[in-house]
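The values are calculated or read from the model by the stated rules, or taken from the named source; none is laboratory data. Keep in mind it's a predicted model, so treat the numbers as computed, not measured. In this analysis, Cβ positions are derived from the backbone assuming ideal geometry, glycine residues included, and neighbour counts consider all displayed protein chains. Keep in mind that these areas ignore ligands, DNA and RNA; they rest on the heavy atoms of the full protein, side chains included. Shrake-Rupley method; radii C 1.70, N 1.55, O 1.52, S 1.80 Å.
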Amino acid sequence: MGKLLRDAINNKKVFLINKLIKEGIYKKNNTHLFEMTLSDLQEEYNKISDKKNEHLKH
């Protein structure tokens, strides 16, 4: 994997981790956020975003 792609993945992971931490999420099923894959982080972030959006609709 090229350095540019690796950096992009790492930057996205850091972004998602920071967003999840701001929501009070530090671990998922005894796994620290920094140990999770980009896909897993994105999935958790999407769950939080969906809940927030659903709350705003009501």
* **In the stretch 21-58, residue least open to solvent (accessible area, probe 1.4 Å) [restricted to those that are of a type in the set (Lys, Arg) and part of a helix (DSSP H, G or I)]** => Lys47
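Which of the residues that make up the stretch 4-20 are under 9 Å from the mean Cα position of the chain (by Cα) and open to solvent by 60 Å² or more (accessible area, probe 1.4 Å)?
To start, the set of residues in the stretch 4-20 that are under 9 Å from the mean Cα position of the chain (by Cα) comprises 12-20.
Correct list: Lys12, Val14, Phe15, Asn18, Lys19.
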* How about the stretch 24-39: which of its residues are at pLDDT below 95 and acidic (Asp, Glu)? -> none
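Met1: surrounded by 13 or more Cβ atoms within 10 Å (Cβ to Cβ), out of contact with any helix residue (DSSP H, G or I) (no Cβ under 7 Å at 6 or more places or on another chain) and not aromatic (Phe, Trp, Tyr), yes or no? Steps first, answer last, please.
Working: surrounded by 13 or more Cβ atoms within 10 Å (Cβ to Cβ): no; out of contact with any helix residue (DSSP H, G or I) (no Cβ under 7 Å at 6 or more places or on another chain): yes; not aromatic (Phe, Trp, Tyr): yes.
No.
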